[in-house]
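Student: Okay, here's the structure, questions in a sec.
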Amino acid sequence: MDHANHTRLTHDELTEAVLDGATVYGPGDETVGSVSHTHGMGASAKVVLDVGGFLGIGAKPVMVPATDLDFMRDESGTVHARTNWTKDDLKALPTHEH
């Protein structure tokens, strides 16, 4: 996926309403997870990602700073993110307990 023409989200847009369900792509543009929910807003927000599993079953929830993710909208307005974390990196993080 070519992210060059995608619009980056501002810190004010880093809210659960905007980010919920967004697909997260890793360094090789592979899907590494999706946003489950957020804690906080803006630059200090934390994002809980569901990593692995299939259709949400068996996924491991992990928390990362929103600033570790580059959130953007594609040409159709769909919000997604890129990160330097690989799926294995994310799976190695502690499980986030809700």
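Student: In this structure, is A22 surrounded by 14 or more Cβ atoms within 10 Å (Cβ to Cβ) and under 13 Å from the mean Cα position of the chain (by Cα)? Let's see the steps before the verdict.
Tutor: Numbers: surrounded by 14 or more Cβ atoms within 10 Å (Cβ to Cβ): yes; under 13 Å from the mean Cα position of the chain (by Cα): yes.
Criteria met by A22.
Student: Counting only residues that are farther than 17 Å from W85 by Cβ and not hydrophobic (A, V, I, L, M, F, W, C), how many does region 1-60 have?
Tutor: 20
Student: Moving on. Can you tell me which residue is surrounded by the fewest Cβ atoms within 10 Å (Cβ to Cβ) among those in region 43-72 that are within 12 Å of G33 (Cβ to Cβ) and in contact (Cβ under 8 Å) with a residue 40 or more places away in the chain?
Tutor: Applying the filter and picking the extreme gives V48.
Student: Listed residues T38, T15; which is under 22 Å from H98 (Cβ atoms), among the hydroxyl-bearing types (S, T, Y) and touching a helix residue (DSSP H, G or I) at 6+ places or on another chain (Cβ under 7 Å)? Can you show your working first?
Tutor: Values: T15 fails: touching a helix residue (DSSP H, G or I) at 6+ places or on another chain (Cβ under 7 Å).
Of the residues listed, the single one that is under 22 Å from H98 (Cβ atoms), among the hydroxyl-bearing types (S, T, Y) and touching a helix residue (DSSP H, G or I) at 6+ places or on another chain (Cβ under 7 Å) is T38.
Student: Could you list, ordered by first residue, the pairs with Cβ atoms under 7 Å in which the first is in region 5-17 and surrounded by 13 or more Cβ atoms within 10 Å (Cβ to Cβ) and the second is part of a loop (DSSP other than H, G, I, E, B), at least 6 apart or interchain?
Tutor: Listed by first residue and then by second, the contacts come to H6/D74; L14/M41; L14/A45; T15/M41.
Student: So in region 1-19, with the set limited to residues that are closer than 20 Å to M63 by Cα and of a type in the set (A, V, I, L, M, F, W, C), which one is nearest to the chain's Cα centre (by Cα)?
Tutor: Among those residues, the one meeting the criterion is L19.
Student: Quick one: count up the residues across region 11-21 that are closer than 15 Å to G77 by Cβ and modelled with pLDDT under 90.
Tutor: 1
The values are calculated or read from the model by the stated rules, or taken from the named source; none is laboratory data. In this text, all values refer to a predicted model and were calculated from it rather than measured experimentally. Cβ coordinates were reconstructed from backbone atoms using ideal geometry, including for glycine residues, and neighbour counts include every protein chain displayed.
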